[in-house]
Amino acid sequence: MSDTGDDDRSSDEIAAFEGSDIYADDGSVRSDFLMHVGAAIADRDTIYLRKHVAGLHASELGDLLEAIQAEQRLALVSLLGKEFDLAALTEVDEAIRLDIVEHLPNEQIAEAIGEMDSDDAVYILEDLDQEDREEILAKLPFTERVRLRRSLDYPESTAGRRMQTEFVAVPPFWTVGQTIDYMREDEDLPDSFTQIFVIDPTFKLLGTVDLDRVLRTKRSVKIDAIMRDTSHSVPAEMDQEEAAQLFEQYDLLSAAVVDDNGRLVGVLTIDDVVDVIQEEAEEDLLRLSGVGDEELSDSVVEASRSRVPWLFVNSMTACISASVIGLFDATIQQIVALAILMPIVAGMGGNAGSQTMTVTVRALATRGLDIHNAPRIIRREAGVGLLNGMIFGSFIGLVAGFWFQNVHIGGIIATAMLINMMAAALAGILIPLLLDKSGADPAVSSAVFVTAVTDITGFFSFLGIATWWFHVT
């Protein structure tokens, strides 16, 4: 198939997606669209790809890149050439982004980065090798190169890495008329903005003016007469999650980013904060399951490597649980019902502990749980554990008693269930709190320890009570 697009697809098929939604009802990319794109890639039909793919929004193009095969991605990028929107790489998994960037010439990356917002440019540059990064930066204009280097100098996952270095800043003695004329004539302003920052000659932040306030004020009024103090500026080295919490607490659309001396260095916008919130939520969810930063595009080896460490720890705690069972092997041999009922006690405790742990870890992440309300929350969770232990202990006790026609078995498992549900509730909140206090990430390491506590407590209480009861009776 040549680049002229003279293929055997009908004109109706080629126009099928012109101006249409590429998504199915469930939010995935439509299978028929994927089929046409795949056929166009196989036929090297650049006319179809430029017409129906090149013009997609960056997020749509990102979803398309994740939906197609790896070899198709590289072919698509190659066929689109300079019409490929590099901003789409900010919407895909890291593995996909690196795979595509490695196959792009640095000249093309530099040209595309020169047209991107600085926050998107940093997002791509930060994953590159130092040598490639320096080569790309060297091809950029001096001012832009300095801005990007400054952002890259800030630690990962900080506001400085997330900020845009394009912003509107004016001195306090300007009039509204001067400010409006400046915004009309300057060609280097951001594509969109809602605030104007007020600075002194050293770039120290003095205040802000909302854009609507400027438009409603007479031209002769000075900026310092309508500006307001900036009470929610963000330090450049603040963790991005903390910055997101500021946006959530004060309903911000944008916030000034300042260095250690209070000088304006960038602006953090709500679209970047939404990405941060989503990333942090996904990260917490993955860490709770002990899979780290794993992504769907990771290879088998990479996925296995991210899961092995905590599986190994879990295997050690499982051996401890098994050794507890071994202490009561004689009792189990005499009363087979105990072996049948053991998983119920451990399983119920594990689920109860996971519920409490999830609530606690999320509360710690959102700063909803602190030293002031921790005692009250601990008492609440202990109460929940006690109540649920009584409810399900009674229920399981009745079921076990009827099942084995033995009231003693029912009473034993009911008591063990109550003990383990209480232990699960306390472990689910105390373990994350202790890990957080010690500086460890509770989202990463809580699950395996909570599971170990509920297993050991469940087995020991159930088998221990059974051994004691049948020994004395």
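The values are calculated or read from the model by the stated rules, or taken from the named source; none is laboratory data. This one's a predicted model, so the numbers in the text were calculated from it and none came from an experiment. Every residue, glycine as well, gets a Cβ built from its backbone with ideal geometry; the counts of neighbours run over all protein chains shown. Areas reflect the complete protein model, heavy atoms only, side chains present, ligands, DNA and RNA absent. Shrake-Rupley method; radii C 1.70, N 1.55, O 1.52, S 1.80 Å.
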Q: Report the residue count in region 174-199 for those that are part of a loop (DSSP other than H, G, I, E, B), over 20 Å from GLU144 (Cα atoms) and modelled with pLDDT under 95.
A: 1
Q: From ALA95, ALA87, ALA75, ALA159, grab the single residue that is closer than 29 Å to ASP239 by Cβ and free of Cβ contacts under 8 Å to residues at least 60 places away in the same chain.
A: ALA87
Q: Would you tally the residues in region 98-137 being free of Cβ contacts under 8 Å to residues at least 24 places away in the same chain and either farther than 13 Å from ARG149 by Cα or of a type in the set (Gly, Ala, Ser) (or both)?
A: 5
Q | Count - residues of region 164-186 that are open to solvent by 60 Å² or more (accessible area, probe 1.4 Å) and either more than 28 Å from PRO235 (Cα to Cα) or touching a Pro at 6+ places or on another chain (Cβ under 9 Å) (or both) | A | 3
Q | Filter result (in contact (Cβ under 8 Å) with a residue 24 or more places away in the chain, hydroxyl-bearing (Ser, Thr, Tyr) and open to solvent by 80 Å² or more (accessible area, probe 1.4 Å)) within region 205-240 | A | SER220
Q. Quick one: LEU128 ticks every box in (1) part of a helix (DSSP H, G or I); (2) buried (at least 16 other Cβ atoms within 10 Å of the Cβ) bar one, so which box is it?
A. (1)
Q. From ALA443, ALA416, which residue is under 32 Å from the mean Cα position of the chain (by Cα) and either among the acidic types (Asp, Glu) or open to solvent by less than 70 Å² (accessible area, probe 1.4 Å) (or both)?
A. ALA443
Q.
Within region 423-431, does at least one residue satisfy the condition of being over 31 Å from the mean Cα position of the chain (by Cα) and either open to solvent by 40 Å² or more (accessible area, probe 1.4 Å) or without any contact (Cβ under 8 Å) to a residue 24 or more places away in the chain (or both)?
A. no
Q: Scan region 361-389 residue by residue and report those that are part of a helix (DSSP H, G or I), touching a residue at least 40 places away in the same chain (Cβ under 8 Å) and closer than 21 Å to GLN249 by Cβ.
A: VAL361, ARG362, LEU364, ALA365, ALA374, ILE377
**Q.** Filter result (open to solvent by 50 Å² or more (accessible area, probe 1.4 Å), touching a strand residue (DSSP E or B) at 6+ places or on another chain (Cβ under 9 Å) and either among the small types (Gly, Ala, Ser) or at pLDDT 90 or above (or both)) within region 251-304
**A.** ASP260, ASN261, ARG263, ILE270
Q | Within region 398-410, tally of residues that are open to solvent by 10 Å² or more (accessible area, probe 1.4 Å) and within 13 Å of LEU338 (Cβ to Cβ) | A | 4
Q) Of the residues that sit in region 128-173 and are of a type in the set (Phe, Trp, Tyr) and closer than 20 Å to LEU206 by Cα, which one is modelled with the highest pLDDT? A) PHE173
Q | Count - residues of region 68-94 that are surrounded by 18 or more Cβ atoms within 10 Å (Cβ to Cβ), part of a helix (DSSP H, G or I) and within 26 Å of the chain's Cα centre (by Cα) | A | 7
(Q) Quick check on region 106-113. Is at least one of its residues in a loop (DSSP other than H, G, I, E, B) and either open to solvent by 50 Å² or more (accessible area, probe 1.4 Å) or of a type in the set (Lys, Arg) (or both)? (A) no
Q | Selection from region 138-156 of residues that are in contact (Cβ under 8 Å) with a residue 24 or more places away in the chain, open to solvent by less than 60 Å² (accessible area, probe 1.4 Å) and within 25 Å of VAL234 (Cβ to Cβ) | A | GLU144, LEU148, SER151, LEU152, TYR154
Q.
Name the single residue that is most open to solvent (accessible area, probe 1.4 Å) among those in region 305-356 being touching a helix residue (DSSP H, G or I) at 6+ places or on another chain (Cβ under 6 Å) and not hydrophobic (A, V, I, L, M, F, W, C).
A. ASN314
Q: Go through region 10-40 residue by residue and tally those that are in a loop (DSSP other than H, G, I, E, B), of a type outside the set (Ser, Thr, Tyr), modelled with pLDDT of 50 or more and surrounded by 11 or more Cβ atoms within 10 Å (Cβ to Cβ).
A: 4
**Q.** Unmet criterion (only one of (1) touching a helix residue (DSSP H, G or I) at 6+ places or on another chain (Cβ under 7 Å); (2) at pLDDT 75 or above; (3) open to solvent by less than 80 Å² (accessible area, probe 1.4 Å); (4) within 30 Å of ALA466 (Cα to Cα)) for LEU369
**A.** (4)
